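All of the numbers you see were taken from the coordinates with simple rules; none came from a lab. Since we're looking at a predicted model, the values are computed, not measured. All Cβ positions, even for glycine, are placed from backbone atoms using ideal geometry, and neighbour counts span all protein chains on display.
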Amino acid sequence: MTPKAMMKSYEAWFRLATGMAKLGVAANEVVLRRTAMMAMGAMKPHEATRMLLEKPAAFAQAAQKAAMAAAGGSDATAIATAALRPIKVAASANARRLRK
């Protein structure tokens with residue numbers, strides 16, 4: 001493997017790892033904020049419903065993106081990154097929304 005190819009591979013894995021770390025932070029923030037809302041009795045019914053319905057939609061989209069990347073001949077890193085993106089976007093959006 002050439003040094004350029006090695007660097008490209010390293011960068012791809014680094015982006016994936018960074019995305020996973022960001023997902024972890026956002027997911028933890030969402031769990032913390034929603035748990036606090038439940039503990040204080042401040043959770044609205046629409047938030048409780050959203051909490052249950054958003055996950056299957058995000059994971060279905062992640063599976064679709066991963067399948068499309070795999071069918072397109074992408075490598076493992078690109079497939080994992082494609083699968084991670086919709087879940088990370090949803091978690092980050094929830095964290096931003098719940099901060100308000």
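Residue by residue, here is whether (1) in a helix (DSSP H, G or I); (2) surrounded by 14 or more Cβ atoms within 10 Å (Cβ to Cβ); (3) not aliphatic (A, V, I, L, M) holds:
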| position | (1), (2), (3) |
| --- | --- |
| ALA17 | yes, no, no |
| LEU52 | yes, no, no |
| GLN61 | yes, yes, yes |
| ALA66 | yes, yes, no |
From the option list ASN28, ASN94, single residue qualifying as surrounded by fewer than 15 Cβ atoms within 10 Å (Cβ to Cβ), part of a helix (DSSP H, G or I) and out of contact with any Gly (no Cβ under 7 Å at 6 or more places or on another chain) is ASN28
Output the number of the condition that GLY72 fails; it satisfies all remaining conditions of (1) more than 19 Å from ALA26 (Cα to Cα); (2) within 12 Å of the chain's Cα centre (by Cα).
-> (2)
Somewhere in the stretch 35-48, is a residue assigned to a helix (DSSP H, G or I) and basic (Lys, Arg)?
-> no
Taking the stretch 76-86 as the search range and keeping residues that are of a type outside the set (Gly, Ala, Ser) and in contact (Cβ under 8 Å) with a residue 40 or more places away in the chain, which one is surrounded by the fewest Cβ atoms within 10 Å (Cβ to Cβ)?
-> ARG85
